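The values are calculated or read from the model by the stated rules, or taken from the named source; none is laboratory data. Source: prediction; values computed, not measured. Note: ideal-geometry Cβ built from the backbone for every residue, glycine included; neighbour counts use all protein chains shown. The protein model used for the area step is the full one, side chains on, heavy atoms only, and it has no ligands, DNA or RNA in it. Shrake-Rupley method; radii C 1.70, N 1.55, O 1.52, S 1.80 Å.
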Amino acid sequence: MDKKEIKQRIEKLRELINYHRYLYHVLDRQEISEAALDSLKKELFELEQKFPEFITLDSPTQRVGSQPLKKFGKVRHPSPMLSLNDAFSEKDIKDWLERISKLLVPEEVKKLDFYCELKIDGLAIELIYENGILKIGSTRGDGIIGENVTQNLKTIEAIPLRLKEVRPPLSSGGRTSKQFVVRGEVFIKKKDFEKVNKEQEKFNLPIYANPRNLAAGSIRQLDPKITASRRLDFFAYELIGRGPTLIATHEGNHKVLKELGFKTNPYNKYCKNLSEVFEFHKEIQRIREKIPYEIDGVVVIVNSNKIFEKLGKIGKAPRGAVAFKFPGKQATTVVEEIKVQVGRTGALTPVAILKPVQVAGVTISRATLHNEDEISRLGVKIGDTVIVGRAGDVIPDIIKVLPRLRTGKERDFKMPINCPICGNKVIKPESEVLSRCSNSDCFAQKKEYFKHFISKGAFNIVGLGPKIIDRLLSEGLIFDPADLFELKEGDILPLERFAEKSARNLIKAIQSGKEISLARFIYALGIRNIGEQTAIDLAEYFGVLENIQKTTPEELQKIQDIGPVAARSISGWFYHKRNQKFLEKLKEVGVIIKNVGVIHKLSLRGKIFVLTGALATITREGAKEKIRQLGGQVSESVSKSTDFIVVGSEPGLKYEKAKKLGIKIISEKEFLKMINKIY
Ligand code: IVH
């Protein structure tokens, strides 16, 4: 993307995110999942980080919540209700720590510890107590002004109407010394959520998309009786404006909140360093489903209140806290290409090639589109931004297209007229949804090519057996062997019987095969008439691939054993546009050819050597290699065409024969001279 396109993308993302946030925060409605919205926000945030000149005041990254609804009274918060920045990986958390450390003195950095809380998927609210009595309860609204929902909040049992007496004195962050301000999350338990939705269904009322939605909807009821019927719950997580010296840590705040009679989350945990934070995050993620309410991550907070205050805020969020989200079950990405895969039965299946993206913790880069009907149903074009998920929690799946992000450059997909593999005609019987290749051998041919490519003498990818190749091909995960190097764990996990560990190992095996000698590389290309030995000869003669690409059939025939047929076949292969593209692609996906190095003068070109007897200063293999490097050849038996016989100690019958045939006999010393002179 050039700068203009980036600016345009930022604008479109901004608009789309704002639209969905309005639906979500103001109207309590949802058209796309929170995970998908998060994914869009992440893209916007990252683009804005790279191009801060394009940040505008109305960017969703710069604001909190949304406009308050008209029907409730307004409450100005004593201090802004902020939001949190998101982190999606351990690296993001480490980066966060690095960023904040720069703002602290070394002693403070050394002392840093954390308090970790469950990030409850509910609705943030603020409670103002006066003389220990609940006076005002409000929603976050736009962060500055919220809606007065006191009556509704009073129906929630977990919210104390009167605080318990505790020391130190009851005053925090309010406008007067008698005020005491607490914030926390209103939520609904998963089972109560289901109950309410069943009721809604029974009375033909709208179904709530998720517990957060329901909690928000219930708090904004004009009739508190409805709120009361919803069995809402509350966890307190913030005590506002306590003087930093009054309570030293965030953990301490929670203790006080509990003593005051609030419900605090029992899973919350003190963590002395980031490893403990990561440990906690993993553990909570593991038991996530068993927790009776929805959570979407862990909030990591600098434990020292003093340092937290010192760190201040940036934009909408405090620097001293971050939301360490769980991997989203959905994400947004771009369809870079739609390719056609030919299945075992010859059926053609369109497959979306995606810009790699993390979905539920693993990276995916392709998703089947099944058939042309599915493409029309989704309305997907090449270049579209889409929401992807994993059907049944495994199979990558395009859920929805986001047409508002289109630039006009998107292209429609068309089923090819000829099979992309073998070039034969594509047919579509009228009664069927699927198009087919008319060549019944198509799949088998392709499979053979893959088998050759990964075989021992070629890329030698261990663990990638024919059965797996079969499955990868059938699922449209690979089209040509270069695709192998782009496979991600999440692409192969859905394949039948693939466990996470074997998926990881396979990806590792493929990746470690990326570096290859020139000879093996040439052999792997599967050029007709080019076996392992010819590939070695070519590599040694030309040294680098580019020289082979440039060569002529005449030059090729200078190599012993390459006749006119093989020469034509090699030149023809490299001449073909499709093959040139394939070579380019192999380079792009990171295949590294270990070139032979020096392009030798090839002074032994065309000369045939036979070795006999034991050599003293060089191994037999070493001698052979040198001869080959210099363009010569090694033969195992003496014949009229032998040029030299190198004789070591205790030579065998070959020596006798050579003498008889009058072949030039050279000693080891002479041989060494010959090869060294050449160097
Ligand atoms: S601390 C400065 N703790 O997540 C904001 N927030 O994006 C301090 N949330 O608006 C928030 N559980 O609604 C905090 N244990 C928790 C939370 C929590 C849920 C929500 C809260 C906030 C949003 C941050």
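The strands (runs of 3 or more DSSP E) found wholly in region 570-679 and carrying at least 1 residues that are under 30 Å from E486 (Cα atoms) occupy 592-594. The set of residues from region 129-140 being on the phi > 0 side of the Ramachandran plot and open to solvent by 10 Å² or more (accessible area, probe 1.4 Å) comprises just one member, N131.
Within region 249-275, restricting attention to residues that are in a helix (DSSP H, G or I), charged (D, E, K, R) and in contact (Cβ under 8 Å) with a residue 60 or more places away in the chain, the residue that is nearest to the ligand (Cβ to nearest atom) is E251.
Sort through E588, E636 and tell me the only one that's open to solvent by 60 Å² or more (accessible area, probe 1.4 Å), of a type in the set (D, E) and within 30 Å of F479 (Cβ to Cβ). None of the other options fit; the residue is E588. Checking each residue in region 222-246 for being under 18 Å from V302 (Cβ atoms), more than 15 Å from the ligand (Cβ to nearest atom) and either at pLDDT 85 or above or in contact with a Ser or Thr (Cβ under 9 Å, 6 or more places away or on another chain) (or both) picks out G243, P244, L246.
Here is a check on your reading of the model: is E448 of a type in the set (D, E) and either touching a Leu at 6+ places or on another chain (Cβ under 9 Å) or in a loop (DSSP other than H, G, I, E, B) (or both)? Answer is no for this residue. Can K501 be described as under 20 Å from the mean Cα position of the chain (by Cα) and either assigned to a loop (DSSP other than H, G, I, E, B) or at pLDDT below 90 (or both)? For K501, the condition - under 20 Å from the mean Cα position of the chain (by Cα) and either assigned to a loop (DSSP other than H, G, I, E, B) or at pLDDT below 90 (or both) - is met. Across region 120-137, the qualifying residues are those that are touching a Leu at 6+ places or on another chain (Cβ under 8 Å) and within 14 Å of the ligand (Cβ to nearest atom), and the one among them that is nearest to I295 (Cα to Cα) is I125. Taken over region 404-431, the residue count meeting the criterion of being over 34 Å from the mean Cα position of the chain (by Cα) and open to solvent by 50 Å² or more (accessible area, probe 1.4 Å) is 6. Only one of the numbered conditions (1) open to solvent by less than 10 Å² (accessible area, probe 1.4 Å); (2) touching a Ser or Thr at 6+ places or on another chain (Cβ under 9 Å) is not met by I548, and that is (2).
Counting only residues that are crowded, with 16+ Cβ neighbours inside 10 Å and modelled with pLDDT under 90, region 528-537 holds 4 of them. If you check E126 against the conditions, is it open to solvent by 10 Å² or more (accessible area, probe 1.4 Å) and of a type in the set (D, E, K, R)? Taking the combined requirement at face value, the residue does not satisfy it. For first residues located in region 79-103 and hydroxyl-bearing (S, T, Y), partners that are away from the ligand (no atom under 16 Å from the Cβ) and lie 6+ apart or on another chain with Cβ distances below 8 Å form the pairs S101/V109; S101/L112. Checking each residue in region 77-114 for being within 16 Å of the ligand (Cβ to nearest atom) and open to solvent by 20 Å² or more (accessible area, probe 1.4 Å) picks out P78, S79, P80, L82, S83, L84, N85, D86, F88, D92. Kindly evaluate E289 against the criterion of being open to solvent by 10 Å² or more (accessible area, probe 1.4 Å), touching a residue at least 12 places away in the same chain (Cβ under 8 Å), of a type in the set (D, E) and more than 16 Å from the ligand (Cβ to nearest atom). No; evaluated as a whole, the condition is false for this residue. Elements of the type strands (runs of 3 or more DSSP E) sitting completely within region 303-386 and holding at least 1 residues that are more than 16 Å from the ligand (Cβ to nearest atom) and either open to solvent by less than 10 Å² (accessible area, probe 1.4 Å) or out of contact with any helix residue (DSSP H, G or I) (no Cβ under 9 Å at 6 or more places or on another chain) (or both): these cover 331-342, 347-359, 362-368. For region 139-182, taking the residues that are of a type in the set (S, T, Y) and either within 16 Å of the ligand (Cβ to nearest atom) or over 30 Å from Y24 (Cα atoms) (or both), the one that is modelled with the lowest pLDDT is identified as S171.
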